[in-house]
Structures are given as structure tokens and as C-alpha cells.
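Enquirer: Questions regarding the structure given below will be posed in turn.
The values are calculated or read from the model by the stated rules, or taken from the named source; none is laboratory data. Everything quoted here is computed from the prediction, not taken from an experiment. Backbone-built Cβ (ideal geometry, glycine too); neighbour counts: all protein chains shown.
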Amino acid sequence: MQRKIIVLALIVAGVGTARADGDDLTVVGGMDFGFKKLHLDTGSGAGTFNPSFITINPNLALAYRSFYASLAYDKSISAEPDTGATSGSTPSATMTDYSRTDTTFTLGYRLNPSFNLFAGYTDGANRFITTAAALTLVVTDTSYTEKGPFAGVSYTHAFGDKGSLGLSVGYAWLRGDLRTDWHPSTAAPANANTGDIRGDTRGVSFGLNWSGPLTASLGYRLAVKQTRYEMKDPASITERYTSLFVGILNYF
């Protein structure tokens with residue numbers, strides 16, 4: 001059972017990995033449901049967005065001795081219909097649609113039974129479709145994407161056969177791209193920033209997770225993650241979100 005507890009920590013991207021005694025190669029597949037709250041301040045005519053949404057996240061990890069690699073794809077499957085109140089150049093705008101996807105690839109190395117180093121690449125995309133009922137109907141399509149490398153360190157502690165607690169901190173060097181498209185039937189306000197706004201984005205993330213066994217090969221995990229990214233030039237854009245994950249995983 002202690003072997004299983006160590007392996008279960010592997011699937012938490014960037015948090016834990018270890019070699020299972022007697023096996024050089026370990027494969028772990030998982031499925032998570034995420035509950036997220038986003039705050040995106042575009043610092044422009046696109047406005048400020050505060051959606052809450054649910055995601056589904058299939059993931060796969062492979063470990064070989066002290067090394068591991070994981071791939072995760074996170075996609076929103078629902079969002080609150082009233083999450084789209086915006087401010088800025090589109091007064092009284094109401095979000096009618098929101099979606100987000102994240103793809104993350106992580107490589108890690110186990111320094112000792114508790115500490116791990118990890119690095120990888122992430123690609124995240126937000127899309128907002130908003131409407132405003134003013135003198136005329138105004139429809140905008142706003143997307144904000146961030147992609148680039150990240151690196152960090154994690155600490156994992158196993159509590160016997162009960163479960164494993166993991167802590168992580170990471171730093172990302174990303175390229176942000178904000179784009180606002182106005183519906184052909186509406187004209188952009190004079191003070192609105194249209195087209196692409198691109199710039200370097202930096203940020204940190206903190207993670208806390210607990211994983212434990214359910215059956216001989218099946219386990220569960222609970223995790224919370226706080227992330228904050230900022231772009232300062234050519235526009236001031238701040239993105240922060242809190243994520244709560246509940247998932248199951250199986251090792252082979």
C-alpha cells in the first residue's frame with residue numbers, strides 16, 4: 001500500500017513523483033473535475049470579466065525511476081449565465097458565452113523522497129462573447145491567450161497508507177495575446193482598443209493537494225490552486241484564478 005501512495009502522488013502535475021519499488025516504469029491515468037473562479041482585468045475597452053465555471057480534465061503521467069512526464073487537457077463544460085457583467089467601453093454589457101481551455105505538459109525529477117523539481121509548457125485560452133443593450137445592440141468577441149514555459153519546486157509527504165499531501169510553487173514566463181473583435185453590425189467605441197494586444201506575461205502559482213487510495217489500483221485526489229499572471233506593457237492586464245479539483249486516477 002505504501003508503494004501505491006507514492007505512485008498516486010505522481011499524477012498531480014508539478015507536485016509529486018517517485019519511483020515505485022520494484023518497477024522502473026509506472027503509468028497513471030486520471031480524470032478531474034475543476035471548479036474555478038476567474039478574474040480578468042484587460043485594462044482596456046474590452047472590460048473586466050469574473051466568470052465562475054466547471055472544467056473536465058483528463059490527464060496522463062508516466063514515471064521512470066526518478067523522472068516523470070505528464071500531459072493534462074483542461075476544458076470548461078459550463079459557466080454561470082450571469083458571470084459576464086463587464087465594465088469599460090461597453091456599458092451594461094452581459095456575457096452570453098464563456099469558454100476556457102488549458103493544455104499543460106510537465107517534466108519532473110525527484111531529488112529525494114520529498115522534494116521534486118519540475119518544468120514544462122502551458123497554453124491557455126479564454127473566450128468571452130458579450131452583448132450590450134444600449135441605443136443599439138453591441139456584440140463583441142474577446143479572446144485572451146497565454147502560452148509559454150514554467151518551472152517550479154514541490155514537496156510531498158506520505159502519511160503511511162492513508163494518503164499523501166503535496167505543496168508546490170511555480171513561476172511562468174508567458175506570451176499574452178488579447179484580441180477584441182466587434183460584430184460587423186456594430187461599430188467599436190472611439191476609446192476602445194481593437195485588434196491584438198501582445199506582450200510578455202509573468203506570474204506565480206501555488207498548489208496544495210491530497211491524494212489517497214480507493215481500491216488496489218484506483219485512487220482519488222483533492223487539490224486547490226491559486227494563480228496570478230500580469231502583463232505590464234503594452235497594456236496592463238491582470239489575470240488571476242482559483243481552482244478546486246476533485247478527481248480519480250488509476251495506475252498501471
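Enquirer: What's the number of the condition LEU208 fails, among (1) farther than 29 Å from THR106 by Cβ; (2) at pLDDT 85 or above?
Expert: Failed condition: (1).
Enquirer: Among the residues of the stretch 146-185, which ones are of a type in the set (Gly, Ala, Ser) and more than 21 Å from LEU40 (Cβ to Cβ)? Give the steps one after another, and end with the answer.
Expert: Taking the stretch 146-185 as the starting set, the residues that turn out to be of a type in the set (Gly, Ala, Ser) are 148, 151-152, 154, 158, 160, 163-164, 166, 168, 170, 172, 176, 185.
Listed by number, the residues that qualify are ALA151, GLY152, SER154, ALA158, GLY160, GLY163, SER164, GLY166, SER168, SER185.
Enquirer: Hey, TRP182 hits all of (1) aromatic (Phe, Trp, Tyr); (2) at pLDDT 85 or above; (3) surrounded by 15 or more Cβ atoms within 10 Å (Cβ to Cβ) but one; which does it fall short on?
Expert: If we test TRP182 against (1) aromatic (Phe, Trp, Tyr); (2) at pLDDT 85 or above; (3) surrounded by 15 or more Cβ atoms within 10 Å (Cβ to Cβ), just (2) comes out false.
Matching residues to (1) farther than 26 Å from THR26 by Cα; (2) not in a strand (DSSP E or B); (3) not polar (S, T, N, Q):
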residue: ASP196; (1), (2), (3): yes, no, yes
residue: ASN209; (1), (2), (3): no, no, no
residue: LYS225; (1), (2), (3): no, no, yes
residue: THR238; (1), (2), (3): yes, no, no
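Enquirer: Given the conditions (1) surrounded by 18 or more Cβ atoms within 10 Å (Cβ to Cβ); (2) not in a strand (DSSP E or B), and given that PRO113 satisfies all but one, which numbered condition is not satisfied?
Expert: PRO113 satisfies all of (1) surrounded by 18 or more Cβ atoms within 10 Å (Cβ to Cβ); (2) not in a strand (DSSP E or B) except (1).
Enquirer: Residues of the stretch 197-226 being within 17 Å of the chain's Cα centre (by Cα) and crowded, with 20+ Cβ neighbours inside 10 Å, which ones? Outline the logic, then answer.
Expert: Within the stretch 197-226, the first condition is being within 17 Å of the chain's Cα centre (by Cα), and the residues that meet it are 201-209, 221-226.
THR201, GLY203, SER205, GLY207, ASN209, ARG221, ALA223, LYS225, listed by residue number.
Enquirer: Follow-up question, since we're still on this one. From the list THR136, THR130, THR142, which one is at pLDDT below 95, farther than 24 Å from TYR68 by Cβ and surrounded by fewer than 21 Cβ atoms within 10 Å (Cβ to Cβ)? Don't jump to the end; show me each part of the working.
Expert: Details: THR130 fails: surrounded by fewer than 21 Cβ atoms within 10 Å (Cβ to Cβ); THR142 fails: surrounded by fewer than 21 Cβ atoms within 10 Å (Cβ to Cβ).
Unique residue meeting the criteria: THR136.
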